[in-house]
Amino acid sequence: MAEVGQPESEQNESKIEETRQRFKSEYVQDSSDKYDSRDVERLMKDDSWVEAYLTWRQNVVDDALKMIDESFQWRKEYTLNDLTESSIPKWMFETGAVFLHGYDKEGNKLFWFKVKLHVKDAKTFQDKKKYVAFWLERYAKREPGMPLTVVFDMTESGLSNIDMEFVKYIINCFKVFYPKFLSKMIMYEMPWIMNAAWKIVKTWLGPEAISKLKFVNKSEMQTYISPEHLPPHMGGTDSFQYTYPPLPDDDFQSPVSENGPIVSEDESECKDPEVDCKESLESSYSSEVVAKPRKVNFSEDSLKPDELDKGDGYGRLKGIRKPLTTFKGTLLHISPAEELSFGSTESEKKCLIILNNITKNQVAFKVRTTAPEKYRVKPSNSSCEPGASMDIVVSLHGGFQASPQDRFLVMAAEMEQSAGTGSPELAQFWKEVPKAKVMEHRLRCHVLESVKPILSSASESPLASGTNGHQDLQTTLVRLMAINSRLEQKLDSCLSTQRLLTVLVSVLMAFSFSTMYLIWTSYS
């Protein structure tokens, strides 16, 4: 246990180091073939991974070590580091029973389980388990640190679709194998006949997971997910229809250029929109929307940092917050590591992405987004000299506001030393570069909460005369508002617990009724 008064950051670092050393000495030393060496190596380097296990186990190192041991053995058994689309039987993708698509209101990806499409079958059980592992690992690599919201769509499902062992496995994935990965688990339109089954399921859930369980009907679904990410049968407007191939994914497109949308070089030469354009736009990612990608432009001109600072206001670095975290990729180091933070003030409507070329050759890069109409990115298609850095300005324009559902994709590929770096050469390069040589990294959007309106209204009141005492009053008011917000969250949590208890009582009553009915029929 950390000493009293020790800073929290130092406590975390101490726990992380202790976990690593003990895992190495107590688990790895005599069992080198027990785990995949790549997982062990990552554990020794990735602080966030160790911290996730510790947090999920309330910072108890012994419990975290047991969890890591079980998780790593599972990862090796299912060859997680080598699991690819071709490792899974094609028919499993074609059923559409499990897939990732859309976001909840907090910006968490939705992991859909279409219960009516699942049929219990012992012969395919292992393949189904590997299938779920494939989707989880795919997402974990693309959006590290970002949780999932699981949606069990029980529309038109019945007892024949319930596979308790499969459900237990899914729960175990979030409980043991992917710590801090579950945002919430939404049970949509659960038939009353399944109440007894879910009573058993809850015994498998830890206290952390039970609090994340939400039973909803059609009228309650939009509490957690906006209509644009819900299918029509749930009261939404999302016309997405799952098909395979390809795998569904975010619809990354070219952002709006400084002078408005025009057709870009790598799209204007497409002759067959169903083949050439699709391949060029998607690269190694598939489109999440069935419709053809919109032809919108990205700015082709490349500005160096000193040119950005001398810009016309659009590319000016002055006042833009510099990123504090870095993702270390194979070709580029990208800052920030995970998210761009946007707010409502003018200074908060611009973000900076810094690319550092760590190779000995030129690296071509592209920046794409799921909301091309909202953002201007400059430069969004250029190249970076060996050992040099490139500043990219991402800005909101018009009256648009950032959303937690918005995503950015940075694509990079190493160029030959003799390759040209003009717009035509880059367009041709992206058409010819093999997908396997393209490095890709995703960034999500974080929306800052501003307290400016509170301070503004306080400063306009007679109490605020600009003195230090009145400034303190403003600060106190902001703190009270924050406390009030936390109390509201706790109240919501209590209400959720009350609803859960109500469901449990209903389950018990239904179970008792079913038992009495069976006894009555057996005697009659």
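Just so you know, in segment 158-198 the residues that are among the acidic types (Asp, Glu) and on the phi < 0 side of the Ramachandran plot include one that is surrounded by the most Cβ atoms within 10 Å (Cβ to Cβ), and it is ASP163.
Filtering segment 338-357 to residues that are within 18 Å of MET146 (Cβ to Cβ), assigned to a strand (DSSP E or B) and charged (D, E, K, R) leaves only GLU339. Pick from segment 179-212 the residues that are aromatic (Phe, Trp, Tyr), more than 16 Å from THR502 (Cα to Cα) and not in a loop (DSSP other than H, G, I, E, B): which of them is modelled with the highest pLDDT? Among them, the one singled out is TYR188.
Given the condition under 25 Å from GLY399 (Cα atoms) and within 22 Å of the chain's Cα centre (by Cα), answer yes or no: does some residue in segment 326-334 qualify?
No, segment 326-334 has no match at all.
Among the residues of segment 155-173, is there at least one that is within 27 Å of LYS328 (Cβ to Cβ) and outside any helix (DSSP H, G or I)? No.
Going by what's in this entry, would TYR35 be described as assigned to a helix (DSSP H, G or I) and modelled with pLDDT of 85 or more? Answer is no for this residue. Selection within segment 328-337: residues that are in contact with a Leu (Cβ under 9 Å, 6 or more places away or on another chain) and either open to solvent by 70 Å² or more (accessible area, probe 1.4 Å) or not in a loop (DSSP other than H, G, I, E, B) (or both). The member of this set that is nearest to VAL363 (Cα to Cα) is LEU332. Exactly one residue among VAL503, VAL438, VAL507 is modelled with pLDDT of 80 or more, open to solvent by less than 80 Å² (accessible area, probe 1.4 Å) and of a type in the set (Val, Ile, Thr), and that residue is VAL438. Is it the case, given these coordinates, that VAL176 is of a type in the set (Val, Ile, Thr), farther than 22 Å from SER403 by Cβ, outside any loop (DSSP other than H, G, I, E, B) and more than 23 Å from the chain's Cα centre (by Cα)? It is false that VAL176 is of a type in the set (Val, Ile, Thr), farther than 22 Å from SER403 by Cβ, outside any loop (DSSP other than H, G, I, E, B) and more than 23 Å from the chain's Cα centre (by Cα). Scanning segment 84-137 for residues that are surrounded by 15 or more Cβ atoms within 10 Å (Cβ to Cβ) and in contact (Cβ under 8 Å) with a residue 60 or more places away in the chain turns up PHE93, GLY96, PHE99, LEU100, HIS101, GLY102, TYR103, ASP104, LYS105, GLY107, ASN108, LEU110. Counting only residues that are under 22 Å from LEU230 (Cα atoms) and touching an Asp or Glu at 6+ places or on another chain (Cβ under 7 Å), segment 402-419 holds 2 of them. If the condition is being of a type in the set (Gly, Ala, Ser) and open to solvent by less than 60 Å² (accessible area, probe 1.4 Å), then segment 199-238 contributes GLY206, ALA209, SER226, GLY235, GLY236. Criterion first (under 30 Å from SER347 (Cβ atoms), touching a residue at least 60 places away in the same chain (Cβ under 8 Å) and assigned to a strand (DSSP E or B)) does ALA402 satisfy it? It is false that ALA402 is under 30 Å from SER347 (Cβ atoms), touching a residue at least 60 places away in the same chain (Cβ under 8 Å) and assigned to a strand (DSSP E or B). So, in segment 389-443, how many residues would count as being of a type in the set (Lys, Arg) and farther than 21 Å from THR370 by Cβ? Total satisfying the criteria: 2. Got a number for residues in segment 409-432 being under 12 Å from PHE365 (Cβ atoms) and of a type outside the set (Asp, Glu)? The qualifying residues number 10. Whether a residue is among the polar types (S, T, N, Q) and open to solvent by 30 Å² or more (accessible area, probe 1.4 Å) was assessed, and GLN401 passes this test. Of all residues in segment 29-60 being small (Gly, Ala, Ser) and either under 25 Å from the mean Cα position of the chain (by Cα) or within 20 Å of ALA337 (Cα to Cα) (or both), which is least open to solvent (accessible area, probe 1.4 Å)? So, considering only residues that are small (Gly, Ala, Ser) and either under 25 Å from the mean Cα position of the chain (by Cα) or within 20 Å of ALA337 (Cα to Cα) (or both), the one least open to solvent (accessible area, probe 1.4 Å) is ALA52.
Restricting attention to segment 58-76, which residues are touching a residue at least 40 places away in the same chain (Cβ under 8 Å) and outside any helix (DSSP H, G or I)?
ASN59
Scanning segment 147-160 for residues that are under 28 Å from SER226 (Cα atoms) and at pLDDT below 85 yields a single hit, GLY158. Of everything in segment 1-11 that is within 17 Å of ASP62 (Cβ to Cβ) and open to solvent by less than 100 Å² (accessible area, probe 1.4 Å), the residue that is modelled with the highest pLDDT is GLN11. In segment 370-394, of all residues being free of Cβ contacts under 8 Å to residues at least 40 places away in the same chain and among the hydrophobic types (A, V, I, L, M, F, W, C), the one that is surrounded by the most Cβ atoms within 10 Å (Cβ to Cβ) corresponds to ALA371. Regarding segment 108-131, can at least one residue be identified that is at pLDDT below 90, more than 12 Å from the chain's Cα centre (by Cα), in a helix (DSSP H, G or I) and on the phi < 0 side of the Ramachandran plot? Yes, there is a match, as at least one residue in segment 108-131 is at pLDDT below 90, more than 12 Å from the chain's Cα centre (by Cα), in a helix (DSSP H, G or I) and on the phi < 0 side of the Ramachandran plot.
The values are calculated or read from the model by the stated rules, or taken from the named source; none is laboratory data. In this text, all values refer to a predicted model and were calculated from it rather than measured experimentally. We place every Cβ from the backbone using ideal geometry, glycine too, and count neighbours over all the protein chains shown. All accessible areas refer to the heavy atoms of the entire protein, side chains included, with ligands and DNA or RNA removed. Shrake-Rupley method; radii C 1.70, N 1.55, O 1.52, S 1.80 Å.
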